[in-house]
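K.L.:
Pasting in a structure now, in structure tokens, and then I'll have a few things to ask.
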Amino acid sequence: MRFRWQESSLVVDAPAKLNLYLGVRGRRSDGYHELETVMVSIGLFDTLRLTPAPPGVLEFSCSSRHAASDALPDSEQNLVVRAARLLIDAANPRCGAAIHLTKRIPVASGLAGGSTDAAAALVGLNALWKTGLTREQLHRAAARLGSDVNFFLDSNPLAVCTGRGEIIQSRVLRGPLHFVVVRPGSGLSTADVFRALDVSQLESPSDSTPLLQALGDGRLGQAARRLRNDLQPAAMGLNPQIARALAALSRGRTYGRMMTGSGSACYGLCASSRHARSLEAQLKAEFGGHAWAVRAAV
Ligand code: ATP
């Protein structure tokens, strides 16, 4: 998350994430799945502009910079507004806010655009309103908004997340990682993908330790062989375009390639920013402009 003041407005850039590893450990009695996932935040950002407003006023508007943004929920259901309402209930701020969201992260793509917007709203409004919620209080609010929101709160680019994804252990990212991300066709609903998942068909359990070791040692070839996403087969059954995206990433000689989260976006791990940028141009031509060369921030 990046912050800057522009006159009286606080502007927050909220990054997307990729799942380098997503292992499903089974279904819990509360209906959620137990997960182990390695997430990395990347340089593809939504932007929130938070401007002080008179007491009691909460205005929300949104503009989209991206053709692959499916319909966003109207203001009260939008995760940004839900985050603001949680903060208002918890801290009763003395002034209101006008919030403008510029959407660049494609919706329902496994890039956690809604979750990062919610985290940016929590942290940004806590600063704008000087409500002084502690890190623990913000984490409790984040967990109520969604499983991926906690990851973005601490702005650490790499973490292992367990539980339903809300238990975060930050890790050190030792060098820059370069990716190309492509979003094939339409998005996918996370709920639909989990419904289509057959837990009995999952590969035998492993863990993310070998991947993290390879990343830590800068062995990209090894790391690429350890990429995993247990949701990919179910998502491919729902959106055949995912196979086309993975094939294109393979032709582009990426070290490794995988779908992120519950899809439909996929990424390739690239040798350099130059490699990522040259693939971006090819993939934009093939996938209607929906490709991005990005870096995981160090
Ligand atoms: P998930 O967090 O379910 O894995 P995702 O990363 O695949 O989601 P998101 O872009 O976060 O996809 O959208 C998930 C859903 O959240 C969307 O279908 C949308 O209805 C809802 N949503 C609410 N607020 C937002 C927001 N600010 N940006 C994007 N989606 C939002």
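The values are calculated or read from the model by the stated rules, or taken from the named source; none is laboratory data. No experiment lies behind these values; they were computed from the predicted model shown. As a convention, Cβ positions derive from the backbone with ideal geometry for all residues, glycine included, and neighbour counts pool all protein chains shown. The protein model used for the area step is the full one, side chains on, heavy atoms only, and it has no ligands, DNA or RNA in it. Shrake-Rupley method; radii C 1.70, N 1.55, O 1.52, S 1.80 Å.
K.L.:
Considering only the range 94-110, state which residues are crowded, with 21+ Cβ neighbours inside 10 Å and more than 15 Å from the ligand (Cβ to nearest atom).
P.N.:
97
K.L.:
Restricting to the range 71-85, name every residue that is open to solvent by 30 Å² or more (accessible area, probe 1.4 Å) and either away from the ligand (no atom under 11 Å from the Cβ) or outside the structural domain of residue 144 (by TED's automatic domain parsing) (or both).
P.N.:
85
K.L.:
Next up: Could you tell me which residue of the range 111-135 is nearest to residue 80 (Cα to Cα), considering only residues that are away from the ligand (no atom under 16 Å from the Cβ) and free of Cβ contacts under 8 Å to residues at least 40 places away in the same chain?
P.N.:
Per the criteria, the residue is 126.
K.L.:
Now for a separate question. I'd like to check which helices (runs of 4 or more DSSP H) are fully inside the range 81-154 and have at least 1 residues that are acidic (Asp, Glu) and under 11 Å from the mean Cα position of the chain (by Cα).
P.N.:
Qualifying helices (runs of 4 or more DSSP H): 113-128.
K.L.:
Those residues that are farther than 10 Å from residue 212 by Cα and part of a strand (DSSP E or B), I need them from the range 159-173; list them, please.
P.N.:
161, 162, 163, 167, 168, 169, 170
K.L.:
Same structure, new question: Please enumerate the residues belonging to the range 184-231 that are open to solvent by 30 Å² or more (accessible area, probe 1.4 Å) and within 16 Å of the ligand (Cβ to nearest atom).
P.N.:
185, 186, 189, 190, 191, 192, 194, 195, 196, listed by residue number.
K.L.:
If you don't mind, another one. Restrict the check to the range 160-168 and report whether at least one residue is open to solvent by 30 Å² or more (accessible area, probe 1.4 Å) and within 12 Å of the ligand (Cβ to nearest atom).
P.N.:
Looking through the range 160-168, at least one residue is open to solvent by 30 Å² or more (accessible area, probe 1.4 Å) and within 12 Å of the ligand (Cβ to nearest atom).
K.L.:
Can you go through 182, 193, 199 and tell me which one is assigned by TED's automatic domain parsing to the domain that holds residue 243 and within 24 Å of residue 279 (Cα to Cα)?
P.N.:
Of the residues listed, the single one that is assigned by TED's automatic domain parsing to the domain that holds residue 243 and within 24 Å of residue 279 (Cα to Cα) is 182.
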